Amino acid sequence: MAAQANRKKAVNLSIDAALVAEAKEAGTNLSAVLEAALNEQLREKRRKKWLEDNREAIEAGNAQLERDGMWYTPDWLKE
């Protein structure tokens, strides 16, 4: 399974030529930059989807906490 996760796929992209030239001159690894950007964007999309999918449960939990208070207060939170 781990080997499958590390597989790479060659893709064709259209990127501004001047930007590519500057990145190449700076020694930038375009594949690594794109992978990092895609990972971050997809992580954020998954987070937003999870929050939306669980919005009702989160709101219900917050309402219960507001109504009933915490069921346990750790010593470090006690005044």
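Taking residue 7 as the residue in question, decide whether it is assigned to a loop (DSSP other than H, G, I, E, B) and without any contact (Cβ under 8 Å) to a residue 60 or more places away in the chain. The answer is yes for residue 7.
For the stretch 17-25, the criterion of a residue being surrounded by 10 or more Cβ atoms within 10 Å (Cβ to Cβ), of a type in the set (A, V, I, L, M) and in contact with a helix residue (DSSP H, G or I) (Cβ under 9 Å, 6 or more places away or on another chain) is satisfied by at least one position.
Scanning the stretch 31-70 for residues that are farther than 30 Å from residue 10 by Cα, surrounded by 10 or more Cβ atoms within 10 Å (Cβ to Cβ) and aliphatic (A, V, I, L, M) returns 51, 58, 60, 63, 65.
No lab work stands behind these numbers, since they all come straight from the coordinates. Here the structure is a predicted model, which means the values were calculated and not measured. Neighbour counts are summed over all protein chains in view; Cβ atoms, including those assigned to glycine, are modelled from backbone coordinates with ideal geometry.
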